[in-house]
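Worksheet for the structure shown next.
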């Protein structure tokens, strides 16, 4: 699954990886569950995570002070099986209200 977390860069010269400085917003992106995908994407400095070996989807949980995007999926090779395997949590990122950066989380949103 081609999954990524991207910061929308407002100022290329001021942009700092991981801090949000120079970015205007954050963006969550996810590939299709069933598409063949594009393989491993070489991430630019603004992309935090990409996983071309899995297929799945994202769940965005929005609360008053934080938004968290959780990526769920299964191995790419399993999509041809008659019975798909159970989905697993692959990764997640959160952003606080008013922030222009994301933080990787260690567990899915409750």
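The values are calculated or read from the model by the stated rules, or taken from the named source; none is laboratory data. The structure presented is a predicted model; accordingly, all values stated were derived computationally and were not measured. So basically every Cβ, Gly included, is an ideal-geometry build from the backbone, and we count neighbours across all protein chains shown.
Some observations on this one:
- In segment 57-86, the residues that are modelled with pLDDT of 85 or more, over 13 Å from the mean Cα position of the chain (by Cα) and either assigned to a loop (DSSP other than H, G, I, E, B) or crowded, with 18+ Cβ neighbours inside 10 Å (or both): 63, 64, 65
- None of 105, 59 is closer than 27 Å to residue 20 by Cβ and touching a residue at least 40 places away in the same chain (Cβ under 8 Å) except 59.
- Extreme residue, modelled with the lowest pLDDT, among residues of segment 88-110 that are within 22 Å of residue 54 (Cα to Cα) and more than 12 Å from the chain's Cα centre (by Cα): 88
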